[in-house]
1. For region 376-412, give me each residue that is of a type in the set (S, T, N, Q) and assigned to a helix (DSSP H, G or I).
2. Any residue in region 157-164 that is hydrophobic (A, V, I, L, M, F, W, C), at pLDDT 90 or above and touching a Gly at 6+ places or on another chain (Cβ under 8 Å)?
3. Would you confirm, using the coordinates I've provided, whether Asp190 is assigned to a loop (DSSP other than H, G, I, E, B), touching a residue at least 12 places away in the same chain (Cβ under 8 Å) and assigned by TED's automatic domain parsing to the domain that holds Met104?
4. For Lys256, which of the numbered conditions (1) at pLDDT 85 or above; (2) out of contact with any Phe, Trp or Tyr (no Cβ under 9 Å at 6 or more places or on another chain); (3) farther than 27 Å from Trp355 by Cβ fails to hold?
5. Which condition does Leu64 not pass, out of (1) without any contact (Cβ under 8 Å) to a residue 24 or more places away in the chain; (2) over 26 Å from Thr91 (Cα atoms); (3) not small (Gly, Ala, Ser), if it passes all the others?
6. Tell me the residue from Lys469, Lys458, Lys552 that is under 15 Å from Leu413 (Cα atoms), of a type outside the set (A, V, I, L, M, F, W, C) and modelled with pLDDT of 90 or more, please.
7. One residue is enough: does region 51-62 have a residue meeting the conditions surrounded by fewer than 18 Cβ atoms within 10 Å (Cβ to Cβ) and either closer than 19 Å to Asp160 by Cβ or of a type in the set (A, V, I, L, M, F, W, C) (or both)?
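The values are calculated or read from the model by the stated rules, or taken from the named source; none is laboratory data. As the structure is a computational prediction, the values presented were derived from the model and not from experiment. Here the Cβ is made from the backbone with ideal geometry for all residues, glycine too, and neighbour counts use every protein chain on show.
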Amino acid sequence: MIKLPKIFIIILILISISPSILSQNPVTCNQSCPGGQFPTVPYPFGFTSGCQIHLNCTTKGDVLIGEFSVQQFGSDSLLVSLPAKCGRSITTLTQLYSKNYAPMSSNAILMENCTQQMKNCMIPMTTLRTHLEIVNCSGSQGGDGNVSCYSSDVSRVFVDYENVMRMGCRFLFSGVATQWIGDSTAISLDIQMVRLAWWVAGSCDCSAHADCVKIVSPVDRSDGYRCKCKSGFVGDGYKASSGCRSLKDSSCNPSKYFSGDCGGSGRIGVLIGAVVVGASLIVCIGLIICFIRRRTILHSRSRVSRQFYEAKGITIPIYTYKEIEKATNSFSDKQRLGNGAYGTVYSGKLHNGEWVAIKRIKHRSDGDSLDQVMNEIKLLSSVSHPNLVRLLGCSVDNDEQILLYEFMPNGTLSQHLQKERGNGLPWLVRLTIACETAQAIAYLHSNLDPPIYHRDVKSSNILLDYSFKAKVADFGLSRLGIMESSHISTAPQGTPGYLDPEYHQNFHLSDKSDVYSFGVVLIEIITAFKALDFSRKHNEVNLAPLAVDRIKKGCLDEIIDPSLEHNKDEWTFSSIHKVAELAFRCLAFHSEMRPSMAEVAAELERIRDSREDNSTLTLEGSNCSSVSIVNKKQMSKNVENGESDKKVLLFDSMNSTNERNVSTDYVDDQWLSKSSSPSSNGRIGSSSRM
């Protein structure tokens, strides 16, 4: 009678401590994959059977799901590469479904040879052709070139595998992962990618101070979950991993200090005295600063406002400094888009929900800053062209000069050429950008009275909107083309590598200065080289003389961007050489030998229109204007209006035609600045070609 309870007690003790014993010897999980992009993967991923979500690691260090490589780990999703491939079996799609992950409904799945018509694709066909026109699925590669686009109902969380199979498609071609940009109506696209949502199987097992998001697996309807730390805590939120820890956690917090647990004595009295003295000093200093600043601001604001409102032809909205500050989250570094010679550009969201680019002009003691703002406002308010960036407003409040432009989410042409953003641009897309840019500059020269000279044409001043439509930006150095008696401008301004050598030598400004700069841009489009690159040989630092030398010698093929595959067909080969010949004429040292921008635009249009209409990729699907990337109608093919189905960025301009006219010493002068070149490596994407 006495021994029985003791046995039960021993059993209960063993049962109670068994979980802790097991937890001291957990099943190991290898999270290392050396030699690749992800040397260590985050919890709950790993490469052994003891990991919650099992992945594969190759000998080269590539992290794989099935045969597809993982490109990005997120707190709730994975970005997986799905390269365009003809004739890949549709059953391969099953590799993207498991008990721990599945494709999200925000993906567009591209398939070949489907029996059912698809009418709900979220991606416009023009965008798909722009990025996939180089892929030919007809002939010996497998497939028949008949590509369809499938998108799930946006109300769903995952892509329904059964629905995809019901489309009767034979081959899995590629995918497009979409993601909303903030609260705007714009969508970023990851071409040849697919985004997978992931979860941990089982019931919620999150750490303290973490929220649990429950998920029902679309594969077997089993329970799953993800953990996320609450506000004020950091970590992954999983009990089996790092959990959550407070941002305010420290060894000696205020409560310990006041209670004396931090050591020492008399802390409260010393602290109170220090607070009183410090507060008094701060108040006194603050009052003095406010008084001085108020007088300075009132004086400066009266001068700025007087000059601002005296300017004619300015009809754009004027915003207060507080509105601008709110739109940019107090000019947060997270919203900074880039730096220029005259200021920094931020993305901002106005009170009406519209996203804009906000240019905050640098303060200059010589007064050029205000002149710069006034000049840019007058110019941009007076012109209207589909390939010129629109000025939406300004602010001269709080001793600041700020300009608001339409937001260009796809960055600059320079970024795309240097592959800082994306994987490069096909030749037809580059040629379309060149046509649109030429038309915009020709409009400034020929359609306005007096004409406007841009004076800073370069690839980093050519922006791309939601539909990859080219927009010429930064009129900060522009001047109205009114010829004074001296025919001499005040000083040479612009970007090294793009400056007209005759203008640099004689300070003589004309429309042919822009023609020269545009000639540099054409060479950049052909070569994907930077206008200035000190990593090249000493005599090849400046791109313009380098290109002129190769063209003269008949060695253009040496500098053509290999990704263009210029020998793949007769039209591509011929059109690239014709554009190079046109660039050669634009880069003539003597301005009278250069063509006008109107002639350049017309010649580029003729070259583009000479292309035979033999598309290598047929895309099926309905018009997706209801779920378009920009929520606008598709662009028409009217070149005169600067519109096309294939939109891309404009390119950095090239320099002089004669090496003796622009030496490499020229780039070291006072006009070289951070904003003068596209960036340290060039374009929007992530891989650059040196």
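1. Ser381, Ser382
2. no
3. Details: assigned to a loop (DSSP other than H, G, I, E, B): no; touching a residue at least 12 places away in the same chain (Cβ under 8 Å): yes; assigned by TED's automatic domain parsing to the domain that holds Met104: yes.
It is false that Asp190 is assigned to a loop (DSSP other than H, G, I, E, B), touching a residue at least 12 places away in the same chain (Cβ under 8 Å) and assigned by TED's automatic domain parsing to the domain that holds Met104.
4. (1)
5. (2)
6. Working: Lys469 fails: modelled with pLDDT of 90 or more; Lys552 fails: under 15 Å from Leu413 (Cα atoms).
None of the other options fit; the residue is Lys458.
7. No: zero hits.
Residues are listed down the side, and each one gets a yes or a no for (1) under 29 Å from Thr495 (Cα atoms); (2) of a type in the set (A, V, I, L, M); (3) at pLDDT below 80; (4) out of contact with any Ser or Thr (no Cβ under 9 Å at 6 or more places or on another chain):
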position	(1), (2), (3), (4)
Ile314	yes, yes, yes, no
Tyr319	no, no, no, no
Tyr342	yes, no, yes, no
Val345	yes, yes, no, yes
Ser365	yes, no, yes, yes
Ser369	yes, no, yes, yes
